[in-house]
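First up is the structure itself, then whatever we jot down about it.
The values are calculated or read from the model by the stated rules, or taken from the named source; none is laboratory data. Quick caveat: nothing in here was measured; it's all calculated off a predicted structure. Using ideal geometry, Cβ is built from the backbone for each residue, glycine included, and neighbour counts are taken over all protein chains shown. Side chains are part of the model used for accessible areas, which takes the heavy atoms of the whole protein and leaves out ligands, DNA and RNA. Shrake-Rupley method; radii C 1.70, N 1.55, O 1.52, S 1.80 Å.
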Amino acid sequence: MNLLFLAPQASRKRAVAVETRRALADGHHVVLIAEAGIGREGWDLDPRVDVEWLEANTIDAAESRSTAFFARKVPLGLLRRLGRGPLRGPAEKAARRWRRRVVQPLDVGRKRETEAMRERHRLDRVHARLRAVRPDWLVLCESAAVELAAEFVPDLLDAHPQTRTTFSYEPRPGDDRDR
């Protein structure tokens, strides 16, 4: 059987490594789609596991240079210079107010945009891999995998109703005949 393990947040690295080893020992072809983050340490995977690293955490919504210059650098730089003299208290108060009313909303918007870009990237990579592998068994390893799978599992099950979906690798008695 083709098994696809989905771990988009990589929160259960050790458990996923153990489950993939068990699946390989049972004679299955194993594909893992996981988030690697900046480094891939912490994974103790069998070399036979076909791994697709999402690397969505490296995606970041960039702030335009003009926004960074006019909303951050110039006003906060001027207030910092004013704060060196006798206007220290009012300048610090104005800087706090500027950060709260201008900079924080910009940061919230960038964070929201970044998360949307990362989610789209994860979905695109998972869809591409699903088309390539066409799994017989889909293992949703963590809660983030369930949230991500809500986007594609109904269509996958409509197209291939025999696909098994579980939250961990748990072979049932008689599964050896499915190989």
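A compact table of results
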item	result
Average Cα contact separation per residue, the chain, under 8 Å, 6 or more apart, as relative contact order %	30 percent
Listed residues R134, R48, R80, most fluctuating in the chain (Gaussian network, C-alpha, under 10 Å)	R80
Surface accessible to a 1.4 Å probe, per residue, for the residues of the chain, Å²	61 Å²
Signed unit charges on C-beta, dipole axis of segment 85-140, positive-most listed residue T114, Q104, A91	A91
Whole-percent pair-distance distribution, where bins are 10 Å wide, for the alpha carbons of segment 43-143	12, 27, 21, 15, 14, 9, 2, 0
For V74, solvent-accessible area (1.4 Å; no DNA, RNA or ligand), Å²	50 Å²
Highest-fluctuation residue, R14, R101, R112 considered, GNM on the chain with Cα pairs under 10 Å	R101
For K73, solvent-accessible area (1.4 Å; no DNA, RNA or ligand), Å²	140 Å²
Debye-sum result for the chain in log10 I(q)/I(0), which assumes one identical scatterer on each alpha carbon, at q = 0.19 Å⁻¹	-1.19
